[in-house]
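Enquirer: Below is a structure I'd like to ask you about.
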Amino acid sequence: MLLDNTKNGFTLKSNFELKKAYFLFRIISNKSLTNIGKKALQIALKLRLPILFLVKRTVFEQFCSGESLDDSFETVQRLYDKNVKSYLSYSVEGLENEKSYDLSLKEVLNSIEFVAKNNIIDFTVFKPTAIANSKILQKVSEKKILDEKENELYGKALERFDTICNLAHKKGVKMLVDAEESWIQDPIDEIVLKMMMKYNKHEAIIYNTAQMYRHDRLNYLNRLKNIAEKEKFFIGIKLVRGAYIEQENKRAIKNNYKSPICDSKNLTDTNFNNGASFILSNLNIFSLFSGTHNEESIYKIIDIMKLNNINKNNSKIWFGQLYGMSDNISFNLANKGFNAIKYLPFGPIKEVIPYLIRRAEENTSVKGQTSRELELIKTELKRRKSI
Ligand SMILES: Cc1cc2nc3c(=O)[nH]c(=O)nc-3n(C[C@H](O)[C@H](O)[C@H](O)COP(=O)(O)OP(=O)(O)OC[C@H]3O[C@@H](n4cnc5c(N)ncnc54)[C@H](O)[C@@H]3O)c2cc1C
């Protein structure tokens, strides 16, 4: 099978790096060890113990491309040499004040300028809650009246969205807008729709994210299509399953409403595949950025492309994976001429720790994926030993 070739998959990894990755995935696949590691890290940081070096040599090097944009460029180049593209994200999380939103805005604008200068990068990305207050987004989502101050802050957030999308459009840099929890997502969808109407007149520059673990997202895609047909603009969609399942289900139970999440993993899978299929049948309007490590979904997309004689490198279809995970997918797709692209988070080590903890937790909970990662590394190490 296309994605099983471990020689291509790990082409950039030395034996030492492969063994280190194996060791790391073994640890984070164990829930107790991950929890102990998380606690120990938090305590060590509080006590100001010199732990950052260890973080850097382990999880940071596995899942992040560097501490700055320039620092990350070496990784971008190395991937590009193997036909794998990249998009960079300043992955500092959890700050919630106007100063930090302005700082994030500056980082996103810098990243657009950086991409525009380097013709080997096509996309960049931002997280709405890095530039807008989530409490205000929630109030808008609940259709509550904002007070004067909140109105002013929301206005500023809208301005930040527009400043980003305007520059992306001016520089021809494709912009992915990440999806967040459902209780703040409605206003984000509305804002990004406005941005698409304004800046996607000739091609999809601005991409919204659709989380297909939500059972209402096929309707959302349909609605978008109808609006785009009427208003004559293009739609970019990053299609993902969704990262906040635990928070979503917990909140729905606590507040006694029906969870927006599909009732089972199978239903999410079907929803994701139907979403991809819907977009691929409407490529005259849509561009698809598929953000998944699910091989079955990737094979399904490839089958639809084959069936409809869509070129492998069609500029409207991208396959995105996170840096440090599923290299077998990225490198094998790229090797066959598909548009494979890695999400490269960067930032000062101390600041990206929340992102790293999320990666570790995700790999603990996505059991199937981690054991597959371990199996693939083992196969490649064996293959190298035998030659
Ligand atoms: C390039 C890229 C960009 C991403 N951007 C975003 C983003 O902007 N916003 C965001 O929320 N996530 C984002 N993600 C994360 C993504 O949503 C998934 O959490 C992650 O990729 C795992 O899903 P999968 O499709 O790779 O694979 P799989 O391992 O096949 O699927 C796991 C996913 O299935 C769903 N699932 C699991 N169990 C159940 C269940 N019992 N019932 C219903 N559904 C279930 C969950 O969504 C879970 O994450 C991104 C991922 C990638 C690769």
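The values are calculated or read from the model by the stated rules, or taken from the named source; none is laboratory data. Nothing here was measured: the structure is a model prediction, and the numbers come from that model. FYI the Cβ positions are ideal-geometry reconstructions off the backbone, even for glycines, and counts take in every protein chain you see. The protein model used for the area step is the full one, side chains on, heavy atoms only, and it has no ligands, DNA or RNA in it. Shrake-Rupley method; radii C 1.70, N 1.55, O 1.52, S 1.80 Å.
Enquirer: Using label points projected 7 Å from each Cα along Cα→Cβ, tell me how many nm separate residue 284 and residue 309, to one decimal.
Expert: Between residue 284 and residue 309, the label points sit 1.7 nm apart.
Enquirer: Restricting to Cα pairs below 8 Å that are 6+ residues apart, what does the relative contact order work out to for segment 80-164? Please round to a whole percent. Spell out each step's value before the answer.
Expert: Values: 65 pairs, mean separation 27.6, N = 85.
Relative contact order comes out at 32 percent.
Enquirer: What whole number of Å gives the distance from the Cα centroid of segment 337-363 to the Cα centroid of segment 116-158?
Expert: 22 Å
Enquirer: While we're here: How many nm is it between the label spots at residue 351 and residue 14, if each spot is 7 Å from the Cα in line with the beta carbon?
Expert: It is 3.0 nm.
Enquirer: A follow-up question, please. Grab the beta carbon distance between residue 229 and residue 385, set R0 = 45 Å, and tell me the FRET efficiency rounded to 0.05.
Expert: E between residue 229 and residue 385, to the nearest 0.05, is 0.20.
Enquirer: Still on this structure: Run the reach check for residue 300 against aspartates and glutamates, Cα to Cα strictly under 15 Å, same-chain hits fewer than 8 apart removed. What comes back?
Expert: Correct list for residue 300: 269.
Enquirer: Further question: Working out 0.36 nm times the residue gap between residue 299 and residue 134, then minus their Cα-Cα distance, what length gain in nm do you get to one decimal?
Expert: Length gained between residue 299 and residue 134: 55.8 nm.
Enquirer: So between residue 265 and residue 152, what do we pick up on full extension, going 0.36 nm a residue minus the alpha carbon distance?
Expert: So the chain would gain 36.6 nm between residue 265 and residue 152.
Enquirer: A further question follows. Do any chymotrypsin sites (Phe, Trp or Tyr not before Pro) in segment 240-282 lie in a loop, going by DSSP, with at most 10 other beta-carbon atoms within 10 Å of their beta carbon, and if so which?
Expert: The qualifying sites are 257.
Enquirer: Now for a separate question. Greater than 29 Å separation of Cα atoms is the criterion. Which listed pairs, 31/350; 171/265; 225/342; 19/238, meet it?
Expert: Result: 171/265; 19/238 exceed 29 Å.
Enquirer: Kindly identify segment 205-313 as rounded, prolate or oblate by the Cα gyration tensor criterion: order the square roots of the eigenvalues as a ≥ b ≥ c, call it rounded if a/c is under 1.5, otherwise compare a/b with b/c, prolate if a/b is larger, else oblate.
Expert: Working: a/c = 2.47, a/b = 1.49, b/c = 1.67.
Taking the square roots of the gyration eigenvalues as a ≥ b ≥ c, segment 205-313 is oblate.
Enquirer: Separate question: State the Cα centre-to-centre distance between segment 231-254 and segment 265-311 in whole Å.
Expert: 17 Å
Enquirer: OK, next. Which of 169, 202, 215 moves most in a GNM of the chain, Cα contacts under 10 Å?
Expert: Among 169, 202, 215, the largest GNM mean-square fluctuation belongs to 202.
Enquirer: Still on this structure, please answer the following. Shape of the chain from its Cα gyration tensor (a ≥ b ≥ c, root eigenvalues): rounded if a/c is under 1.5, otherwise prolate when a/b > b/c, or oblate?
Expert: Rounded, since a/c falls under 1.5.
Enquirer: Using a Gaussian network for the chain with springs between C-alpha atoms less than 10 Å apart, which of these wobbles most: 70, 216, 186?
Expert: 70
Enquirer: Which of the aspartates and glutamates could be linked to residue 13 by a straight reach, that is with a Cα gap under 15 Å, when you skip same-chain ones fewer than 8 residues away?
Expert: Cross-link targets: 61, 74, 81, 327, 373, 380.
Enquirer: Apply the Karplus parameterisation 6.51 cos²θ - 1.76 cosθ + 1.60, with θ equal to phi minus 60°, to every residue of segment 336-349 and state each ³J(HN,Hα) to the nearest whole Hz, in sequence, with x for glycine and proline.
Expert: Taking θ as phi minus 60°, the curve returns 8, x, 7, 7, 9, 9, 9, 8, 10, x, 9, x, x, 3 Hz for segment 336-349.
Enquirer: What FRET efficiency comes out for residue 247 versus residue 47 if R0 is 30 angstrom and r is the Cβ-Cβ distance? Round to the nearest 0.05.
Expert: Computed FRET efficiency for residue 247 and residue 47 comes out at 0.50.
Enquirer: Something else: Ignoring everything except DSSP H segments at least 4 long, calculate the 222 nm mean residue ellipticity for the chain; use -39,500 (n - 2.57) per segment, divide by total residues, nearest 500.
Expert: Result for the chain, helices only: -18000 deg cm²/dmol.
Enquirer: Around residue 271, what is the net charge, scoring Lys/Arg as +1 and Asp/Glu as -1 over all other residues with Cβ under 13 Å from its Cβ? Let's see the in-between values first.
Expert: Numbers: positive: 214, 217, 241, 265, 300; negative: 216, 263, 269.
That works out to +2.
Enquirer: For Cα pairs less than 8 Å apart in space and 6+ apart in sequence, what is the mean separation divided by the residue count of the chain, i.e. the relative contact order in percent?
Expert: 26 percent
Enquirer: Right, next: Considering the chain as a Gaussian network with a 10 Å cut-off on Cα pairs, which listed residue, 39, 156, 225, attains the greatest mean-square fluctuation?
Expert: Looking only at 39, 156, 225, the largest GNM fluctuation is found for 39.
Enquirer: So, one more: How do 180, 61, 203, 150 rank by accessible surface area computed with a 1.4 Å probe, from largest to smallest?
Expert: The ranking, largest first, comes out as 203, 61, 150, 180.
Enquirer: For residue 287, which sequence-distant residues (separation of 5 or more, or a different chain) have an amide H within less than 5 Å of its own amide H, given hydrogens modelled in the peptide plane?
Expert: Amide H to amide H, under 5 Å and 5 or more residues apart or across chains, residue 287 pairs with 235, 236, 237.
Enquirer: Work out, step by step, the length gained on full extension between residue 186 and residue 171: first 0.36 nm times the residue separation, then minus their alpha carbon distance; give nm to one decimal.
Expert: 2.6 nm
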